[in-house]
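Note sheet for the following structure.
The values are calculated or read from the model by the stated rules, or taken from the named source; none is laboratory data. Please read these numbers as outputs of a predicted model, since none were measured by experiment. All Cβ positions, glycine included, derive from the backbone under ideal geometry; neighbour counts span all protein chains shown.
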Amino acid sequence: MDTSPWQRIRRKIRRLIMRASASIAPLPEIPAALWLCTLNTYPFLAELELAEQAKLRALAARFLQHKRFHGAHGLIVTDAMAVEIAAQACLPLLHWGEPVQALRWYDDFVGIVVHPGEAVARREYRDEAGVMHYYDEVIMGEAMEKGPVMLSWQAVDAGRRPHAHNAPGTQSTMNVVIHEFAHKIDMRNGSADGCPPLPPGFMGAGSAREARRIWQAHWGQAYETFREQVIIAQRFGGQPPWLDDYGASAPAEFFAVACEAFFVQRQRFDQEFPKLAGLLEALFHPEASSLPKP
Ligand SMILES: [Zn+2]
């Protein structure tokens, strides 16, 4: 084999040309069998209208083209796993314009790390006396501001078991993928605080500031009510709320937990939280003239 400098340069040029042509190749479609399998695994995706499913498929295909999946601790992330994650991650973007435009919401990161089970995150905080405390927290997912998303496949899997949706009275509202990507959306205007960027026309508001005021007034009140309900259930044996009680830990968590239920069990969410359902409907299904922008 000739390894002269000229040959090496020619091979390098050929590789560069091949790489460039790969990057302008048309988007690969998600294979039909794989896509149908994903729809059948998640009842809330199967219930979408045909046109919505087609759009979600296109969004997920583009998402997969621009994201990199990493399996932690030897986990192999299969195509089926990646498509399932992509479809759920893209669900909140479904009515936010064309795929290129909608996916700008997720353009601040590339990596998605999938752990086989729970992950342990090292945490630290400084108390009022200035003393640093360190502790380990077991987590099922994590979204980092302008950074990657971590998901536990064990938690993703818990949201895909059909029995969790079929057994009356035991329906789970939990969905770690929607939860973490709701945080990513929330984080587009700074740290997660339960208020994502809102367009000026949101709920008839005259400005983005006014939209934020409307949002925070409703969500703040709902969060306090929910928090109280969780405290009464945990300390005094009251009726536990329908929504995951983890939502009582912070306004940002309440928003993420509410998004899970909004997309996974819409009818029940509408009954339990009619005001929040109206706000989430206005956010995730806006008029074309007032699309939210990241
Ligand atoms: Zn969270």
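Values for this structure:
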item	result
Segment 53-89: number of residues that are of a type in the set (Ser, Thr, Tyr) and closer than 22 Å to Gln101 by Cα	0
Selected residue [out of contact with any Gly (no Cβ under 7 Å at 6 or more places or on another chain), among the aliphatic types (A, V, I, L, M) and under 22 Å from Pro43 (Cα atoms)] from Ala248, Ala256	Ala256
Output for segment 190-208, where each listed residue is assigned to a helix (DSSP H, G or I) and in contact (Cβ under 8 Å) with a residue 12 or more places away in the chain	Phe202, Met203
Any hit, segment 285-292, residues being in contact with a Pro (Cβ under 8 Å, 6 or more places away or on another chain), assigned to a helix (DSSP H, G or I), away from the ligand (no atom under 16 Å from the Cβ) and among the hydroxyl-bearing types (Ser, Thr, Tyr)	yes
Breaking point among (1) exposed (fewer than 15 other Cβ atoms within 10 Å of the Cβ); (2) over 21 Å from Leu94 (Cα atoms); (3) more than 16 Å from the ligand (Cβ to nearest atom), for Pro200	(2)
Residue within segment 222-230 that is assigned to a helix (DSSP H, G or I), within 16 Å of the ligand (Cβ to nearest atom) and surrounded by fewer than 18 Cβ atoms within 10 Å (Cβ to Cβ) present	no
Candidate set: segment 239-277, residues that are charged (D, E, K, R) and within 16 Å of the ligand (Cβ to nearest atom); chosen: the one surrounded by the most Cβ atoms within 10 Å (Cβ to Cβ)	Glu260
Answer residue from segment 130-164, given it is within 14 Å of the ligand (Cβ to nearest atom) and among the charged types (D, E, K, R) and is modelled with the lowest pLDDT among those	Glu137
Close pairs (8 angstrom Cβ cut-off, 6 or more residues apart or separate chains): more than 20 Å from Leu91 (Cα to Cα) and assigned to a helix (DSSP H, G or I) in segment 238-264, within 9 Å of the ligand (Cβ to nearest atom) and charged (D, E, K, R) anywhere	Tyr246/Glu253; Gly247/Glu253
Ala182 being within 16 Å of the ligand (Cβ to nearest atom), touching a strand residue (DSSP E or B) at 6+ places or on another chain (Cβ under 9 Å) and part of a loop (DSSP other than H, G, I, E, B)	no
Of all residues making up segment 129-161, the number that are free of Cβ contacts under 8 Å to residues at least 40 places away in the same chain and within 20 Å of Thr38 (Cβ to Cβ)	7
